[in-house]
Structures are given as C-alpha cells and as structure tokens.
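Let me begin by presenting the structure, written as structure tokens, before commenting on it.
The values are calculated or read from the model by the stated rules, or taken from the named source; none is laboratory data. Everything numeric here is computed off the predicted structure, so don't read it as measured data. In this analysis, Cβ positions are derived from the backbone assuming ideal geometry, glycine residues included, and neighbour counts consider all displayed protein chains.
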Amino acid sequence: MNTLEELRLTLERHAGGPEDSVGIAQGAEVRAGSIRRRRRVAGSAVAAVLVVAAAVGVPVAVGRKSSEPPPASVVKPHYRDASQLSVAMVAGSQFVLTNRGGDGVGQFATIRNVGDIRSPRPGEAGLNGGAELLAYNPGEYDPARLKQGEQVTVAGHPAWFSTALTFTASNVVPEGVYPAVGWEESSGVWVLVYTSDDGWWGHEAEKKAELSEVAGDVRLPGVQDVGTPVQFGWVPQGLPVSYVSIRDLPGIDPDARIGFGKSVYPTMQDLASGWALSVTATPDTNRDWPTVKADLGAPETIGGRNVWYVPRPSPLNSSGSPTGADLVVETGNCLVYLSVPERDVIGEQDLKRMATEMTVGSCTDAKGWKPPVKG
C-alpha cells in the first residue's frame with residue numbers, strides 16, 4: 001500500500017489506525033481494538049467489514065434485520081435533524097463516548113471505560129470495557145423482537161435484555177447475534193446498548209449485568225446541534241447535511257465527517273463514502289503527510305490554503321468511484337478531504353467554491369467547533 005493510499009484510509013477511517021494515529025488518540029483507539037481482540041474468540045476477526053468505496057461502518061440498524069420496519073401508518077414525530085445529537089453519559093460515569101454520530105434515522109455511539117482508555121494494559125479482568133449504542137428516532141424501530149427477551153430495569157425504567165438481535169457487519173463488529181439491552185425513552189426514542197464480544201455464550205447473566213451497567217449511565221438530556229471543525233458558507237445544490245460522525249472527547253485527537261445529500265447505502269452506518277458529497281476533517285499529524293504532500297505535486301492556493309484537486313481513479317483514492325473526485329485542503333492544523341462519487345454532478349469548481357467559503361477551526365481541540373453549515 002503506498003503512502004497516498006494510507007493517507008486516504010486515515011482520512012476515511014474515523015477510528016484511525018495504530019499505524020496512523022499519534023499520542024493519546026493512538027492509545028485510545030489501539031486499546032479499544034485490543035479489548036475487542038482479547039475478548040473475541042479466534043477466527044471471528046472483523047473480516048466481515050463492509051468494503052464499499054473504502055467505506056467503513058459503525059453498527060447497522062438491528063431493527064431492519066431482527067424485525068419488520070414499523071408500518072407505514074406509524075406517525076413519526078420530528079425529534080432531531082441529522083446534524084443534531086442527544087446521546088450523552090451521566091456526569092461522573094466511568095464510561096465515555098469515544099465516537100458519536102447519526103443520520104436521519106437515528107444515532108450511534110461507541111462507549112468505552114475510562115480505565116481501559118488510560119490503562120497501559122487494556123482488557124483488565126473484571127473491568128467493564130463498555131459497549132456500542134444505537135438510538136432510533138421515534139417511529140424508526142420496531143421493538144417486537146427485543147420485547148421477547150427478559151424484562152429488566154435500567155436507571156429506574158423498564159428495559160429488555162435480548163440475545164436474539166442480529167447486527168450486520170461494520171468496522172466495529174462482524175455480523176452476528178449479540179446480547180443487547182434496550183428501552184424506550186419518554187421522547188419515543190428506542191435505545192439499544194449491545195456488545196459484540198464472542199465469549200458471551202454461556203455467560204448471559206454476566207453480559208446482562210455489564211450491559212445494564214453501561215445502559216444505566218446513558219442519558220438523552222436534549223437535542224443539540226453538532227459542532228465540527230469546518231463550517232461551509234455554501235454547499236452545491238443546497239444539499240442538506242444528512243449524516244455526521246464526530247470524535248470530540250477531550251484528550252483524544254478530534255476529527256469529524258459530514259455527509260450531504262442522500263446516501264446509496266443503508267442508514268445508521270458510519271460511512272465515509274456513499275453520500276452525494278462527503279467531508280472529512282482530521283489533524284494534520286499523519287506521519288505520512290509530508291511524503292503524500294510531495295507526491296500530490298504543486299498545490300493551487302485558494303484563500304491562502306494549499307488545495308489539490310484529484311480526479312479518480314488516482315493513487316489518492318484507488319478504490320472509490322472512478323467517476324468521482326477528491327479535493328484535499330491543507331489549512332491550519334487540519335487536513336480537510338472533500339469527496340464526490342460523481343464529478344460530473346458536483347464538479348471541480350463546486351468543490352473549490354466550498355473550500356473558498358469554508359471557515360476552519362482547530363482540528364486538535366474541539367472547543368469552538370461550529371455547525372457544519374452556516375445558518
């Protein structure tokens with residue numbers, strides 16, 4: 001794999017990889033991966049990843065596989081826009097959200113134990129490592145299969161523990177049936193907290209306790225607009241924000257991804273590709289960036305920023321749509337990556353205008369991030 005390809009994967013792989021991350025970000029992500037690997041039975045590697053245009057996904061909507069979608073007659077009251085999130089952890093929790101995001105159907109998050117993130121030896125016996133989370137907007141989830149499970153109590157409200165929900169493949173989990181705790185919020189949002197640890201068979205009681213502990217600290221205090229390090233003053237065709245994925249936990253290198261328009265893939269996936277237009281903003285600390293920058297050739301300067309427009313197929317993106325294009329912007333401490341699958345629909349001048357009318361904050365500190373599109 002050449003350095004251009006490695007950079008592209010870094011930009012598109014939201015969780016980052018140990019070979020590309022630095023500092024505490026590397027430790028957090030490597031530890032999260034180590035926890036999963038150590039607890040997983042050999043042979044269950046994450047080989048079932050969705051590899052479509054080099055995209056990787058966060059856990060997919062289980063309701064679409066484990067039960068039928070809600071009837072068309074179900075009223076779906078408006079709860080949040082795609083660029084708004086509401087999932088949080090209670091103050092003082094031992095768990096934190098290392099990644100969170102959502103689209104028009106719901107939200108996803110990765111929950112990890114602070115002790116595991118900070119520990120030099122993650123996966124300590126007896127430590128609850130955390131879980132994955134899905135939160136469906138009102139009317140988007142049919143709980144019939146979930147309610148066939150055991151009724152439990154989480155944070156004082158009714159919930160169900162099930163071992164019969166199927167989760168499809170993503171960069172976090174291989175496809176499989178995993179234990180989950182789910183409940184309905186007063187807002188009508190259905191929340192699922194689950195784990196992909198393969199060793200749960202025969203240890204259902206232990207997993208129920210661990211998931212209930214994580215679920216007990218989950219809160220949905222209110223919908224808030226998402227902040228990202230980039231804000232656009234203009235978007236081609238007026239495309240709406242349809243997807244966001246951010247990492248803004250203090251102490252971990254932040255990054256953000258934004259999807260505009262309609263995706264060609266199923267909803268509730270953390271995909272860097274598939275949207276009519278996608279944007280990734282990440283710190284410029286990638287160790288291969290100097291070499292990649294040299295290989296890209298002489299940049300164009302737009303608004304005092306170095307810009308490279310790269311039609312596909314190209315070394316920068318050899319696995320994306322051959323009819324697409326990418327624009328890389330070097331600005332401040334950020335690398336901003338704009339991608340389109342069809343350059344005849346959204347062309348070079350469109351992407352360059354976005355770069356011209358783009359304001360950029362810090363890609364190493366999430367404080368001060370603003371909504372992705374200027375109001």
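Does Leu277 satisfy being within 30 Å of Phe167 (Cα to Cα) and either at pLDDT 95 or above or not assigned by TED's automatic domain parsing to the domain that holds Lys352 (or both)?
It is true that Leu277 is within 30 Å of Phe167 (Cα to Cα) and either at pLDDT 95 or above or not assigned by TED's automatic domain parsing to the domain that holds Lys352 (or both).
Could you list, in sequence order, all residues of region 75-95 that are surrounded by 21 or more Cβ atoms within 10 Å (Cβ to Cβ), of a type in the set (A, V, I, L, M) and under 17 Å from Val193 (Cβ atoms)?
Once the filter is applied, which keeps residues that are surrounded by 21 or more Cβ atoms within 10 Å (Cβ to Cβ), of a type in the set (A, V, I, L, M) and under 17 Å from Val193 (Cβ atoms), region 75-95 yields Leu85, Val87.
Looking at region 103-130 only, could you name the residues that are part of a strand (DSSP E or B) and either over 18 Å from Ile252 (Cβ atoms) or not aliphatic (A, V, I, L, M) (or both)?
Asp103, Gly106, Gln107, Phe108, Thr110, Arg112, Asn113, Gly130
Working carefully through the options Phe108, Phe95, find the one that is within 23 Å of Tyr178 (Cα to Cα), at pLDDT 95 or above, in the same structural domain as Trp190 (by TED's automatic domain parsing) and hydrophobic (A, V, I, L, M, F, W, C).
Result: Phe95 is the single residue among Phe108, Phe95 that is within 23 Å of Tyr178 (Cα to Cα), at pLDDT 95 or above, in the same structural domain as Trp190 (by TED's automatic domain parsing) and hydrophobic (A, V, I, L, M, F, W, C).
Here is a list: Leu335, Leu327, Leu351. Which entry is surrounded by 15 or more Cβ atoms within 10 Å (Cβ to Cβ), assigned to a helix (DSSP H, G or I), touching a residue at least 24 places away in the same chain (Cβ under 8 Å) and not basic (Lys, Arg)?
Every option except Leu351 fails the conditions.
Regarding region 116-125, can at least one residue be identified that is buried (at least 20 other Cβ atoms within 10 Å of the Cβ), under 17 Å from Leu211 (Cβ atoms) and touching a Gly at 6+ places or on another chain (Cβ under 9 Å)?
Yes, region 116-125 has at least one match.
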